[in-house]
Amino acid sequence: MAELKNKVAIVTGGSRGIGSSIALELAKEGVKVVINYNSNSSAADKMVAEIEEIGGEAYAVQADVSKSEDAAKLVQAAVEKFGQLDILVNNAGITRDTTFKKMTEEDWRKVIDVNLNSVYNTTSPALDHLIASEAGRVINISSIIGQFGGFGQTNYSAAKAGLLGFTKSLALELAAKTNVTVNAICPGYIGTEMVQAIPENVLEKIVAKVPQRRLGTPEEIAKGVVFLCKDGAYITGQELNINGGIYM
Ligand code: NAP
């Protein structure tokens with residue numbers, strides 16, 4: 001089991017939803033957390049305050065991770081602030097749902113940029129720091145939609161499936177000569193603002209299809225991240241499904 005105290009993590013999109021729970025659960029383990037956000041600085045500041053209240057250390061950094069210059073600055077800011085980088089959680093994501101017939105090139109490119117190209121943008125400058133760590137971790141937040149598709153979600157599904165290929169390939173490249181593991185978590189339907197945006201009648205039908213008959217919580221995803229960081233030394237290239245049984 002890896003001792004997480006004083007390890008340093010970046011959580012992209014760590015200011016709200018699943019990312020904020022991941023930041024909080026890591027902080028509870030003594031991890032120093034860089035909370036990345038794009039536009040909502042007050043949500044990020046609130047998370048920093050919440051972590052400081054429980055005696056943890058956190059630092060908010062604005063960066064649009066779909067831009068490579070911003071992502072490089074994010075990694076640099078983390079290392080300058082805390083002196084090292086051990087854990088990279090690629091969590092930032094957006095949806096722009098619409099059927100493919102109506103999907104604009106902008107809808108397509110934006111979702112691919114924020115959900116998939118961002119992972120190149122952050123992992124590339126982070127990699128040498130993670131390799132220097134005694135137990136580096138890359139955790140990519142994918143989705144069941146990358147596994148079984150989603151109506152009106154060709155862009156999002158392609159990005160999330162792309163993350164799975166990236167995860168396995170990078171895991172292979174790093175397995176033999178480094179202590180870095182690379183894994184994906186595939187959440188099912190989780191009660192965050194992203195899912196609250198789904199019309200209520202559609203959401204009811206979705207919940208009815210979940211074998212456990214409820215949405216997941218952000219904390220349930222965050223516990224998966226902590227597990228992979230703490231006990232995941234021999235787990236790499238995997239998809240950890242946290243989905244109430246909707247995809248087996
Ligand atoms: P959310 O509540 O909408 O939060 C999204 C977070 O990402 C916010 O902190 C947001 O910051 C940040 N973000 C968005 N665009 C960004 C950018 N360009 N650069 C940096 N940060 C950016 O989303 P969520 O539901 O927690 O989802 C988190 C992740 O889990 C996403 O990758 C999502 O695809 C995945 N996921 C979610 C579900 C679900 O049911 N909710 C299921 C499967 C997978 P600002 O507020 O500053 O923009």
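The values are calculated or read from the model by the stated rules, or taken from the named source; none is laboratory data. Since we're looking at a predicted model, the values are computed, not measured. So basically every Cβ, Gly included, is an ideal-geometry build from the backbone, and we count neighbours across all protein chains shown. When the accessible area is computed, the model is the full protein with side chains, heavy atoms only, and any ligands, DNA or RNA have been set aside. Shrake-Rupley method; radii C 1.70, N 1.55, O 1.52, S 1.80 Å.
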Task: Lone unmet requirement of (1) surrounded by fewer than 17 Cβ atoms within 10 Å (Cβ to Cβ); (2) within 13 Å of the ligand (Cβ to nearest atom) for Gln84 - done: (2)
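Can you tell me which residue is nearest to the ligand (Cβ to nearest atom) among those in region 4-34 that are within 12 Å of the chain's Cα centre (by Cα) and surrounded by fewer than 24 Cβ atoms within 10 Å (Cβ to Cβ)?
Of the residues in region 4-34, the ones within 12 Å of the chain's Cα centre (by Cα) are 9-23.
Imposing the further condition that a residue be surrounded by fewer than 24 Cβ atoms within 10 Å (Cβ to Cβ) reduces the set to 16-17.
Working: Arg16: 4, Gly17: 2 Å.
The extreme case among them is Gly17.
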- [ ] Can you run down the residue pairs with Cβ atoms below 7 Å, 6 or more apart or on separate chains, where the first is in region 94-117 and open to solvent by 70 Å² or more (accessible area, probe 1.4 Å) and the partner is within 12 Å of the ligand (Cβ to nearest atom) and outside any helix (DSSP H, G or I)?
- [x] Asp97/Gln153
Open item on the list: Among the residues in region 60-77, are any more than 14 Å from the ligand (Cβ to nearest atom) and either within 28 Å of Tyr156 (Cα to Cα) or hydroxyl-bearing (Ser, Thr, Tyr) (or both)?
Closed with: no
Open item on the list: Can you pull out every residue in region 35-65 that is part of a loop (DSSP other than H, G, I, E, B), more than 17 Å from Ile22 (Cβ to Cβ) and open to solvent by 30 Å² or more (accessible area, probe 1.4 Å)?
Closed with: Ser39, Gly55
- [ ] Take Lys73 and decide whether it is open to solvent by 20 Å² or more (accessible area, probe 1.4 Å), basic (Lys, Arg) and free of Cβ contacts under 8 Å to residues at least 40 places away in the same chain.
- [x] yes
Open item on the list: If Ile190 meets every condition in (1) modelled with pLDDT under 95; (2) under 26 Å from Ala43 (Cα atoms) apart from one, which number is that one?
Closed with: (1)
Task: Close pairs from region 119-141: first closer than 11 Å to Gln84 by Cα, partner open to solvent by 10 Å² or more (accessible area, probe 1.4 Å) and in a helix (DSSP H, G or I), Cβ under 7 Å, at least 6 apart - done: His129/Val79
Open item on the list: Given the criteria in a helix (DSSP H, G or I) and of a type in the set (Lys, Arg), does Lys177 qualify?
Closed with: no
